[in-house]
Each structure stands twice: as C-alpha cells, then as structure tokens.
Amino acid sequence: MKNSANNFFYRFLRYFVQFYFFFKYKIKMLNRENLPKLRGGYIIACNHQRYTDPPAIAASVKGVFSFMAKEELFHKNPFFTLIIRLCGAFPVVRGAKDNSAIERAVSDLKKGKVFVIFPEGTRSKDGKIGRAKTGVALIASTANVPVLPVCIMYGLGGKKKNIDIAVGGIIPAQELRIDGEKGRGEFKRVSERIIGGIKDLQRQILTERGMSADDFYKVVSE
C-alpha cells in the first residue's frame, strides 16, 4: 500500500514538474535522439549551475530518478523533506568518510533507477565547467552501468527563461571500468572522459546560440 502511494505521488510530482518547467521556461533540447531506450539503470552526469538542475532534467528525461542532496536540505521543513524524498533525493554529508552515499547510489542503479550526479561536486557560479571529482567514476565502475553526459545552460540568447539542454552519446559501461592495478590514474581517466563529454556539449549549445566558447568565457570572467 505504501509503495502504491509513493508511486502515485511520484507520478503526480513528475507531471507537475513537467507542467511547471515547460510553462515557465522555454526549454530547448539538443540531440534528443541520444536519450537511451533504457528506462533506468544508468547515470546522468551533468554540469551544475542551479538548484533547479535536477527538476529540469526530470522534466525532460523519462525515468524514476535518484540523486544526492546535501543533508541540510532535509531539515528545512517536513513538507519540503517529503517532496524531495518522493522525487528520489537522499541525504549526503559533505566531507563524510563513510561510503553510505556511494552504496545507496549503486543500490538505486541496480534497482533500475536513473541516478543523476553532478561530477563537479558543487554549483558553478559563472557557467564554466570545472574539474570532475572521482565519485562519478567510482559509482559508474562499481555499478557497472553506462553514463549519459548532459549539459544544461540558462539564459542564453538574452532571455532569462531560456534553458538549453544537450544530450551526449551514452558512454558504455565497459569504457568506464576501473582497473585497480593501475592505481588512482584510472579514476582520473574515467572522470575526465565523462567531464570531457559534458564540455563538448557545452560548446555545442554555444554554437547553436551563435556564441564561441572563447566569447562565453570572456563574458563570464568580466
């Protein structure tokens, strides 16, 4: 009975999020054909700009989602906590030494969920894509699942309501396996493979908007 109620609320929230985002924003999606036929069991790795990134992705991609959220968000108020939990969020304590968040992510992936992660580990205030932390490589390799690079950008074309989302080609699980005998360099290889795909997508979005990457970086640096 509890699972049925959760499924109902999840579907309701999903439809609400879709309606809200497509009503409030003008979403332009590039490479929609790259969206996998899989309903779950894969990772979406995306750059991180705003707190609205997870729902914007959920409004554009089908699936049952799972994602990490900083622990403080679960103490705002009971209703907010209920909403983000129903949307698939689970708490993670920054700087924690235990592997519980990694284990939860791997477990959700094995249950057929779409796990959304922001490899940079924090939001970018200027839109530049930073270095990837090794968490995404560890989760992908441990769960033995493919990764879908996604890039999201806001306000291009001089309009605040514009959201551009580009979808890359899915990276097969076998390309993300970490050979422990090769040391930590393997984590760097996999992380850079993933973040490199996101950076390529950002360049594609900028090209579609008539901007070069150099021009964009110059603007955000001023």
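Quick query: amide H of Ser124 versus all other amide H atoms, modeled in the peptide plane; which residues come in under 5 Å with a sequence gap of 5 or more or a different chain?
When sequence neighbours closer than 5 places are left aside, the close amide H contacts are His48, Gln49.
Using mean Cβ contacts within 10 Å as the protection proxy, how do 132-144, 168-180 order, highest first?
So the order, starting with the most tightly packed, is 132-144, 168-180.
Computed from the coordinates I sent, mean projected area of the Cα convex hull in nm² equals one of (i) 12.5; (ii) 13.2; (iii) 17.9. Tell me the label.
(ii)
Which whole-number percent gives the relative contact order of region 103-222, counting Cα pairs below 8 Å spaced six or more residues apart? Walk me through the intermediate numbers first.
Values: 148 pairs, mean separation 29.5, N = 120.
Worked out over region 103-222, it gives 25 percent.
Using a basic spin-label model with each label point 7 Å from the Cα along Cα→Cβ, how many nm lie between Lys110 and Asp214?
The two pseudo-label positions are separated by 5.0 nm.
Between Arg189 and Leu35, what is the FRET efficiency for a Förster distance of 35 Å, r being their Cβ-Cβ separation, to the nearest 0.05?
Numbers: r = 26 Å, r/R0 = 0.74.
With a Förster radius of 35 Å, E is 0.85.
If the reach is capped at under 25 angstrom between alpha carbons, list the lysines near Lys182, excluding any in the same chain fewer than eight residues apart.
Candidates past the 8-residue exclusion: Lys97, Lys133.
Give me a comma-separated list of calculated 3J(HN,Hα) values for region 194-206, in order, Karplus coefficients 6.51, -1.76, 1.60 applied at θ = phi - 60°, integers in Hz, x for any Gly or Pro.
6, 5, x, x, 5, 5, 4, 5, 4, 4, 5, 4, 4
Non-local amide H neighbours of Tyr42 (under 5 Å, H modeled in plane, Pro and chain starts lacking H): which ones?
Phe115
List the relative contact order of the chain as a percent without decimals, with contacts defined as Cα pairs under 8 Å and 6+ residues apart.
25 percent
Please arrange Leu82, Leu201 by how many other C-beta atoms lie within 10 Å of their C-beta, fewest to most.
Least to most surrounded, the residues fall as Leu82, Leu201.
Around Lys26, which amide H atoms from residues at least 5 apart in sequence, or from another chain, sit under 5 Å from its own amide H, with H modelled in the peptide plane?
Asn162, Ile163
With each pseudo-label sitting 7 Å past Cα toward Cβ, what's the Asn162-Tyr51 distance in nm, one decimal?
2.6 nm
In sequence order, what are the phi-derived ³J(HN,Hα) couplings for region 85-91 according to the Karplus relation 6.51 cos²θ - 1.76 cosθ + 1.60 with θ = phi - 60°, rounded to whole Hz, with x for glycine and proline?
5, 5, 7, x, 7, 9, x
For region 136-144, what does the Karplus curve 6.51 cos²θ - 1.76 cosθ + 1.60, with θ = phi - 60°, yield as ³J(HN,Hα) per residue in whole Hz, taken in order and with x for Gly and Pro?
5, 5, 5, 5, 4, 5, 5, 7, 6
Bear in mind that the values in this text are calculations on the coordinates, not laboratory data. None of the values given here were measured: they were computed from a predicted structure. Ideal geometry is used to build each Cβ from the backbone, glycine not excepted, and the neighbour counts take in all protein chains shown.
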